[in-house]
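Worksheet for the structure shown next.
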Amino acid sequence: MNLHSRQGTPSTTPLLAQIRARMPELSPAERKVADHVLKAPHAIADQPIAQLAALANVSEPTVVRFCKRLGYAGIHGFKMALTRSLAAELPPSPVGVKSNEPLEETAAKVIDRQIATLIHTRNQLSHPRLEQAIECLASAGRIELYGHGASGLVAQDAQHKFFRLGMPVAAYTDAHNHAISATIAPPDTVIIAISHTGRSRDLLDSLEVARARSVVVIGITGPGTPLARLADISLHADVDENTDIYTPMLSRLAHLALLDVLAVGVALRSGAEGRERLARIKHTLNQRRDLPDPPETR
């Protein structure tokens, strides 16, 4: 019985652990493939079967037999399962990257953790709060985004998305500017505040001013933060990230993804009118891109 599936149900055992458990059952040649996979699992996805076979010092049919022994039809299915398993095993944190490891290992670890972070964000998302946030944004007279540092860059990216939807929108990354904004924003404004730690005193002060004027605040932050408690609607990105050492990477990706979902949700609420507006924008941009081919060089 293979370890990948029991009566059609995928095994919950991490794939590398499955391989270690099956080592005594493998042929000597298949064991060479297993040793290579266990030694550098993050590099396998980028290795064609010919390269994998050469590095393991076996034939290509041996690699295929190894994959089938674990319950996969071939190398492609095995690679996909290995990628998913590694992403699930790795904590969403840059810890574990070593200065002396091959660059392909570092790249694979960083990207695997990004994949794991996005999957975790998806699985933890509160759909009722998401629906509530989209409804507020779709009916807002104006959208404003507040964020500092890396969160400010996320705010500017979201500004561009909502701007393309034809909505009055502005992003403020300076504490003085969002303090002014909170003081004069019309009552039908919706503020999206973005902060991984949710503890910036300047940001929280501005939001308290806005909320005192009955402006709705949507917080994109970690659960249990001061921002999460202050916001009218809190969308959580529960990311374990040490921002004291590393520039925020994983939380930034989670925040970008959440804002993409909000923008798409608002676009869908706009119906035929919104689709027609986006089509006009696309037409205008295409006209700027359709330049004549350069003359041939003789």
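The values are calculated or read from the model by the stated rules, or taken from the named source; none is laboratory data. Predicted model, so just to flag it, every value in this text is computed and none were measured. Heads up, the Cβs are rebuilt from the backbone with ideal geometry, glycines too, and the neighbour counts pull from every protein chain shown. These area figures cover heavy atoms from the full protein model, side chains too; ligands, DNA and RNA do not enter into them. Shrake-Rupley method; radii C 1.70, N 1.55, O 1.52, S 1.80 Å.
So how do 233-240, 46-53 stack up, highest first, on mean other-Cβ count within 10 Å? Before the final figure, lay out each step's value.
Details: 233-240: 21.2, 46-53: 15.4.
Packing proxy ranking, top to bottom: 233-240, 46-53.
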(request) Name the most mobile residue of Arg199, Arg22, Arg280, meaning the one with the largest mean-square fluctuation, in a Gaussian network model of the chain with Cα contacts below 10 Å. (result) Arg280
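In square nanometres and to one decimal, what's the mean projected area of the convex hull around the Cα atoms of the stretch 12-73? Could you put the intermediate results ahead of the total?
Numbers: hull surface 16.0 nm².
Spelled out: convex hull of the Cα atoms, projected over all directions, averaged, 4.0 nm².
Quick one: dipole size for the stretch 32-155, taken about the Cα centre, charges +1 on Lys/Arg Cβ and -1 on Asp/Glu Cβ, in debye to the nearest 20.
Working: 13 positive and 11 negative charges, 77 e Å.
Using Cβ point charges on Lys, Arg, Asp and Glu, the stretch 32-155 gives about 360 debye.
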(request) Enter the angle in degrees (range 0 to 90, nearest 10) between the Cα long axis of helix 201-212 and the first principal axis of the Cα atoms of the chain, meaning the one along which they spread out most. (result) 50
(request) Leaving ligands, DNA and RNA out of it, rank Met249, Met23 by accessible area with a 1.4 Å probe, largest first. (result) Met249, Met23
(message) I'd like the orientation of helix 250-269 relative to the chain: the angle between its Cα long axis and the longest Cα principal axis, in ° from 0 to 90, rounded to 10.
(response) 60
(message) For a protection proxy built on the mean count of beta-carbon atoms within 10 angstrom, sort 99-106, 131-138 highest first, please.
(response) 131-138, 99-106
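Dipole magnitude of the stretch 122-204 about its Cα centre, charges +1 at Lys/Arg Cβ and -1 at Asp/Glu Cβ only, in debye to the nearest 20?
Details: 7 positive and 7 negative charges, 40 e Å.
It works out to roughly 200 debye.
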(request) Work out, step by step, the length gained on full extension between Thr284 and Ala272: first 0.36 nm times the residue separation, then minus their alpha carbon distance; give nm to one decimal. (result) 2.5 nm
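Output the pairs from Lys32/Lys98; Lys79/Lys282; Lys39/Lys68 with a Cα-Cα distance over 30 Å in this structure; if there are none, say none. Don't skip to the answer; put the middle values down first.
On the way: Lys32/Lys98 26 Å; Lys79/Lys282 38 Å; Lys39/Lys68 20 Å.
Flagged as over cut-off: Lys79/Lys282.
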(request) Calculate the spin-label point distance for Thr183 paired with Ala21, positioning each point 7 Å from the Cα along the beta-carbon direction, and give it in nanometres. (result) 6.4
(message) With angles folded into 0 to 90 degrees, how steeply does helix 75-89 sit against the dominant principal axis of the chain? Use alpha carbons for both and round to 10.
(response) 50
(request) Compute from the Cα atoms of the chain the Rg and the Dmax, the latter being the longest Cα-Cα distance, and quote both in angstrom. (result) 24.7, 74
